[in-house]
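See below for the structure under consideration.
The values are calculated or read from the model by the stated rules, or taken from the named source; none is laboratory data. For clarity, every value in this text was computed on a predicted model and none was experimentally measured. No Cβ is skipped: glycine too gets one built from the backbone with ideal geometry, and neighbour counts run over all protein chains shown.
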Amino acid sequence: MSALPPFPGASDKIFLEDVRFYGHHGVTDAQQTVGAWFSVDVELTLDLTPAGLADDLSATVDYEEVARRVVEVGTKERVNLLERLAALVAEALLRDFPVRVVRVRVRKLTPPLEGIHGVPGVEVTRGR
C-alpha cells in the first residue's frame, strides 16, 4: 500500500510536547543559582512523504534526537530571558535537522512570582 502525497499547500509536521529539564535561566542571580523547571514544545515543518512511503526512520526526523537537542540547549548555558532560550532552541533545530520551519514554545514551570500563580512562556517561529 502506498501513501498519498500531500495536497498542494499542505504542511506536514512532527511535534514534540512537554520536554522537561531543570535549567538555570532568569534575570536575577537567585533565578540563575537556584534554577527552575522548564517545559518545551516543538513543532517541525517538513515533507513527511518519504517517511510515509518508506516506513523508515532514516527518511524522517527522529523526535528522540530532537528531545535530546532541546535538553542540551536548555541546560548548556545560562540566559536571562525565555525569549533568548526559545531562539537558541529554534536555531539549533534549524541547523541540526532538515526542517523548513520550527515553532518553539518555552514555559518556566516554577517561576518566582510572589503571591500569584501562573506559568509564563514564549513562542517563536523560525524558518529558512
Selection from segment 13-40 of residues that are within 15 Å of Ala67 (Cα to Cα), without any contact (Cβ under 8 Å) to a residue 24 or more places away in the chain and hydroxyl-bearing (Ser, Thr, Tyr): none
Any pair with Cβ under 8 angstrom, 6 or more apart, that starts in segment 49-64 at a residue that is under 19 Å from Phe7 (Cα atoms) and touching a residue at least 12 places away in the same chain (Cβ under 8 Å) and ends at one that is surrounded by 12 or more Cβ atoms within 10 Å (Cβ to Cβ) and of a type outside the set (A, V, I, L, M, F, W, C): Thr49/Pro6; Thr49/Asp12; Thr60/Pro50
Odd one out for Pro98, checked against (1) under 14 Å from Val19 (Cα atoms); (2) over 10 Å from the mean Cα position of the chain (by Cα); (3) at pLDDT 95 or above: (1)
Verdict on Arg105 being in a strand (DSSP E or B), among the basic types (Lys, Arg) and more than 18 Å from Ala30 (Cβ to Cβ): yes
Residue check, Leu88 over 17 Å from His25 (Cα atoms), hydrophobic (A, V, I, L, M, F, W, C) and touching a residue at least 12 places away in the same chain (Cβ under 8 Å): no
Residue in segment 49-57 that is out of contact with any Leu (no Cβ under 8 Å at 6 or more places or on another chain), more than 21 Å from Gly127 (Cα to Cα) and hydroxyl-bearing (Ser, Thr, Tyr) present: no
Tally of residues being in a strand (DSSP E or B) and within 23 Å of Asp62 (Cβ to Cβ) across segment 108-128: 4
Qualifying position, being touching a strand residue (DSSP E or B) at 6+ places or on another chain (Cβ under 7 Å) and assigned to a helix (DSSP H, G or I), among Leu53, Leu88, Leu94: Leu94
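For segment 64-77, which residues satisfy the criterion of being surrounded by fewer than 15 Cβ atoms within 10 Å (Cβ to Cβ) and not in a loop (DSSP other than H, G, I, E, B)? Give the derivation first.
Start the filter on segment 64-77 by keeping residues that are surrounded by fewer than 15 Cβ atoms within 10 Å (Cβ to Cβ), which leaves 64-65, 68, 72, 76-77.
Result: Glu64, Glu65, Arg68, Glu72, Lys76.
State yes or no: is Ala59 more than 16 Å from Val79 (Cβ to Cβ), surrounded by fewer than 17 Cβ atoms within 10 Å (Cβ to Cβ), aliphatic (A, V, I, L, M) and at pLDDT 90 or above? Spell out how you get there, then give the answer.
Working: more than 16 Å from Val79 (Cβ to Cβ): yes; surrounded by fewer than 17 Cβ atoms within 10 Å (Cβ to Cβ): yes; aliphatic (A, V, I, L, M): yes; at pLDDT 90 or above: yes.
Judged against the criteria, Ala59 is a match.
Would you check if Thr110 is out of contact with any Ser or Thr (no Cβ under 9 Å at 6 or more places or on another chain), closer than 20 Å to Val19 by Cα, surrounded by 15 or more Cβ atoms within 10 Å (Cβ to Cβ) and among the polar types (S, T, N, Q)? Before the answer, list the steps.
Numbers: out of contact with any Ser or Thr (no Cβ under 9 Å at 6 or more places or on another chain): yes; closer than 20 Å to Val19 by Cα: yes; surrounded by 15 or more Cβ atoms within 10 Å (Cβ to Cβ): no; among the polar types (S, T, N, Q): yes.
Considered against the rule, which asks whether it is out of contact with any Ser or Thr (no Cβ under 9 Å at 6 or more places or on another chain), closer than 20 Å to Val19 by Cα, surrounded by 15 or more Cβ atoms within 10 Å (Cβ to Cβ) and among the polar types (S, T, N, Q), Thr110 comes out as no.
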